[in-house]
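Below: one structure, written as structure tokens.
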Amino acid sequence: MSFTLINASAGSGKTYTLTRLLAERLAAGLDPSEVIATTFTVKAADELSQRVRSTLLDRHQIEAARGIDSALISTVNSVAGRLVTEYALDAGISPQVRVLDDATQKAAFAAAIDRTAAAAGVRWGAMLARTEHDGDERDTGYARKQAWRARVKDVADAARTNLLAAEDLRAAAHASWEELRTAAQLPEPGEDLRGRWLHELGARITDFEADLAASVDAAGEGVKGGPIAPRSVNKARGDLDSLRRMERALRDRERTPWSSWLRLTGGSFGAPAKKALAPLALEITEAFAQNPVWQQDLHDLITLILEVAAESLEAYETYKRELGLIDFIDQEVQALRLLQGSQRVRESIASRFRLLAVDEFQDTSPIQLALFLELSQLIDEKIWVGDPKQAIYGFRDADPRLMRDIITALEGGDTVFGTGDVQNLSHSWRSRELLVDFSNALFSPVFAPDGEGLERVRLAIPAQRQETAGGGVLEVWEATKHDRRVVSAQKHAAMIAEQIRRRIDEGTFAPGDTAVLVRSNAQRACVVAA
């Protein structure tokens with residue numbers, strides 16, 4: 001058995017290398033039907049098939065090129081679904097089982113969450129208000145409130161891709177709370193001092209109001225020599241109004257967010273208000289973490305999310321079972337269980353396939369990694385390709401650390417496969433030298449902070465590209481010295497447009513050679529208009 005893991009940065013010839021290796025094996029006599037090759041998109045799978053076919057045709061391997069369609073080259077999910085369908089009887093399911101598409105799956109799972117969350121949301125409404133987790137998951141703005149139902153879905157999705165059942169989530173509640181207590185170094189619960197803080201706030205407001213009155217004349221204009229300087233009077237008036245509103249809101253201790261109490265320790269108040277609040281702010285800062293109700297709210301929030309996630313999983317499984325449905329994750333789970341539990345299936349796979357190629361390995365989720373490892377024990381030759389720096393499927397629980405750990409294990413011989421061959425594609429065949437240098441400087445401290453494994457991170461320009469890869473300009477444009485979000489979208493777009501205009505005038509840019517990448521269609525409209 002052989003295991004080759006190719007660490008390939010962007011533009012280093014990953015697809016070319018994988019295509020060449022597959023074509024070489026097919027040209028040497030490997031039957032295309034003995035190949036499993038997984039990618040992460042249908043388009044990438046089609047491209048890989050076409051490239052292998054073209055390479056074989058270039059080498060005059062006509063028969064191998066004709067047979068490429070018999071190879072199992074597809075997305076991870078499609079490969080898993082194909083195995084489940086072919087071995088359906090071994091899995092105890094119908095070969096005609098219907099698979100939920102992505103949109104239907106999301107709707108069905110959302111319905112399961114809604115059914116289980118409705119009653120819980122009413123029961124725990126006050127706690128959710130205090131912790132500001134009573135937001136609407138459909139709100140895509142930058143509101144402070146979070147949607148606890150969205151957290152439920154996150155937990156349930158992560159549980160499924162990590163093979164955790166409902167009972168596992170329930171059992172995790174206490175451990176999760178203890179882990180949070182330890183990580184945050186929470187003190188032992190003390191006394192709930194909110195009543196005392198509210199009383200003290202009233203006294204502070206009264207004193208602040210007196211200071212403000214002593215700092216203005218009959219016309220309300222600031223006067224010199226008062227407790228508050230004339231230039232600060234207007235700000236102080238606004239702060240006084242804000243404090244009065246906060247005091248009224250804080251009287252509702254049942255639902256007032258905890259963050260409202262913390263705003264008294266700083267917030268956006270001016271110097272006079274901060275001075276008036278200083279004794280109270282110090283007391284809140286020192287005693288807040290000891291508040292027993294706050295600590296209980298954190299405990300209850302963790303328990304609520306895990307419990308509702310567990311109930312949602314059970315409701316969703318019941319829905320699928322009653323209608324004879326499975327979804328994409330079920331396909332991967334079923335395929336994994338077949339490989340782990342059926343000796344007949346294992347023997348059949350081992351006799352059918354001789355090569356397993358895994359592309360974009362850095363985007364592998366835990367369950368997919370388990371599936372690949374099971375297949376790899378049955379198939380003689382493995383070629384895995386990826387780049388931790390290009391991991392983009394974190395929302396599907398992909399973790400670049402999985403690839404990094406596999407590389408370490410292969411190099412150390414600490415796998416069931418023994419020592420594997422780890423190849424690093426270290427030349428950039430696409431980018432200019434300035435961009436390569438920038439990439440090296442950006443990623444080296446992240447992926448090789450102590451210098452170990454630096455060869456897996458850094459790229460170099462090959463000798464034959466030295467002349468063509470030179471030139472160009474690398475710049476950083478700062479919209480503001482502060483956080484960019486303080487600049488309006490229109491103003492930010494105008495800044496970009498002005499910089500582009502200058503460089504077009506200088507001859508550095510040409511309009512048709514310029515691309516601007518933005519985060520949303522709304523931002524795109526702003527940039528185009530500017």
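The values are calculated or read from the model by the stated rules, or taken from the named source; none is laboratory data. Treat the numbers as computed from the prediction; the structure is a model and nothing was measured. As a convention, Cβ positions derive from the backbone with ideal geometry for all residues, glycine included, and neighbour counts pool all protein chains shown. Quick note on the areas: whole protein, heavy atoms, side chains included, nothing else; ligands and nucleic acids left out. Shrake-Rupley method; radii C 1.70, N 1.55, O 1.52, S 1.80 Å.
Summary of the geometry: the stretch 414-456 and the stretch 192-242, compared by the centres of their Cα atoms, lie 60 Å apart.
The H on the amide N of Gln423, modeled in the peptide plane, is under 5 Å from the matching H of Leu5, Ile6, Asn7, each at least 5 residues off or on a different chain. Normalised by residue count, the stretch 161-208 yields a Cα convex hull volume of 165 Å³ per residue. Set against the labelled values (1) 80, 51, 47; (2) 100, 66, 44; (3) 78, 54, 41, Cα extents along the principal axes in Å computed from this structure falls on (2). The candidates Thr131, Thr182, Thr364, arranged from most to least accessible area with a 1.4 Å probe in the full protein assembly, appear as Thr182, Thr131, Thr364.
Summary of the geometry: the stretch 245-293 and the stretch 323-387, compared by the centres of their Cα atoms, lie 55 Å apart.
Solvent-accessible surface of the chain, averaged per residue with a 1.4 angstrom probe and all protein chains in place: 54 square angstrom.
Taking every protein chain into account, the 1.4 Å probe leaves Trp429 with about 120 Å² of accessible area, to the nearest ten.
Looking at this model, which pairs from Lys43/Lys320; Lys14/Lys382; Lys14/Lys389; Lys235/Lys275 are more than 20 angstrom apart at the alpha-carbon? Among Lys43/Lys320; Lys14/Lys382; Lys14/Lys389; Lys235/Lys275, the Cα-Cα distance tops 20 Å for Lys43/Lys320. Among residues other than Leu100 with Cβ under 15 Å from its Cβ, the summed charge is -3 (Lys and Arg +1, Asp and Glu -1).
With K and R counted +1 and D and E -1, the other residues having a Cβ less than 10 Å from that of Gly13 yield a net charge of +3.
Gly267 sits among other residues whose Cβ lies under 11 Å from its own Cβ, and their net charge, with Lys and Arg +1 and Asp and Glu -1, is +1. Round to a whole number: what % of the accessible area of the stretch 56-170 belongs to carbon and sulfur, probe 1.4 Å? C and S fraction of accessible area: 50 percent. For the pair Lys274 and Ala219, a Förster radius of 22 Å applied to the C-beta separation gives a FRET efficiency near 0.25, rounded to the nearest 0.05.
Note: the stretch 152-245, Cα convex hull, 204 Å³ per residue.
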